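Working notes for the structure below.
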Amino acid sequence: MTIQIEFIADDGQRRTVEAVEGKSVMWAAVENGVEGILADCGGCMTCATCHVIVPEDWRERLPPPTSDEDAMLDMTAAPREPGSRLSCQLVVTPQLHGLTLKLPPTQY
Ligand code: FES
């Protein structure tokens, strides 16, 4: 089954990509050239440049952040928002098909 995830840039540009089950949402963005996800650390959770904002109606459907992710979310370049997550920590599952993520105005 195809799992599609949409990214909305700060300027409103939308990009839908195909995500691979078992990989992270961050990889889906990077492998498809989505601008606005830097992922400098490659998913080691040390950079916070894979920051995304999950819309309210999706927040309950995602596993909550671990305490490590929660701590790193305080290091994002753009201010943390209620739906802020690190996309390298979101594992793609078929349930994520149709997920729309906002990108923050900056990652650095
Ligand atoms: S890619 Fe570095 S924290 Fe997610």
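The values are calculated or read from the model by the stated rules, or taken from the named source; none is laboratory data. Remember, predicted model here, so these are calculated numbers, not experimental data. Neighbour counts are summed over all protein chains in view; Cβ atoms, including those assigned to glycine, are modelled from backbone coordinates with ideal geometry.
Here are a few things to note about the model shown:
- Flag for G98 being more than 13 Å from the ligand (Cβ to nearest atom), exposed (fewer than 14 other Cβ atoms within 10 Å of the Cβ) and of a type outside the set (V, I, T): yes
- Single match in D74, D70 (criterion: out of contact with any strand residue (DSSP E or B) (no Cβ under 8 Å at 6 or more places or on another chain), in a helix (DSSP H, G or I), of a type outside the set (V, I, T) and surrounded by 14 or more Cβ atoms within 10 Å (Cβ to Cβ)): D70
- Cβ separations smaller than 7 Å between residues 6+ apart or across chains give the following pairs from the stretch 71-87 residues that are under 11 Å from T49 (Cα atoms) and within 11 Å of the ligand (Cβ to nearest atom) to residues that are in a helix (DSSP H, G or I) and at pLDDT 95 or above: L86/E69; L86/M72; L86/L73; S87/V25; S87/M26; S87/A29.
- Top-ranked residue in the stretch 47-61 [being crowded, with 18+ Cβ neighbours inside 10 Å and touching a helix residue (DSSP H, G or I) at 6+ places or on another chain (Cβ under 8 Å); ranked as farthest from G33 (Cα to Cα)]: A48
- The stretch 15-27, subset within 20 Å of P105 (Cα to Cα) and in contact with a Ser or Thr (Cβ under 8 Å, 6 or more places away or on another chain), residue surrounded by the fewest Cβ atoms within 10 Å (Cβ to Cβ): M26
- The one condition in (1) surrounded by 15 or more Cβ atoms within 10 Å (Cβ to Cβ); (2) assigned to a loop (DSSP other than H, G, I, E, B); (3) not hydroxyl-bearing (S, T, Y) that C44 fails to fulfil: (1)
- Among the residues of the stretch 18-41, those identified as part of a loop (DSSP other than H, G, I, E, B) and either of a type in the set (D, E, K, R) or under 13 Å from T93 (Cα atoms) (or both) are V20, E21, G22, K23, E35, D40.
- Flag if I5 is assigned to a loop (DSSP other than H, G, I, E, B) and crowded, with 22+ Cβ neighbours inside 10 Å: no
- Meets criteria (more than 11 Å from the chain's Cα centre (by Cα) and within 15 Å of the ligand (Cβ to nearest atom)) for C41: yes
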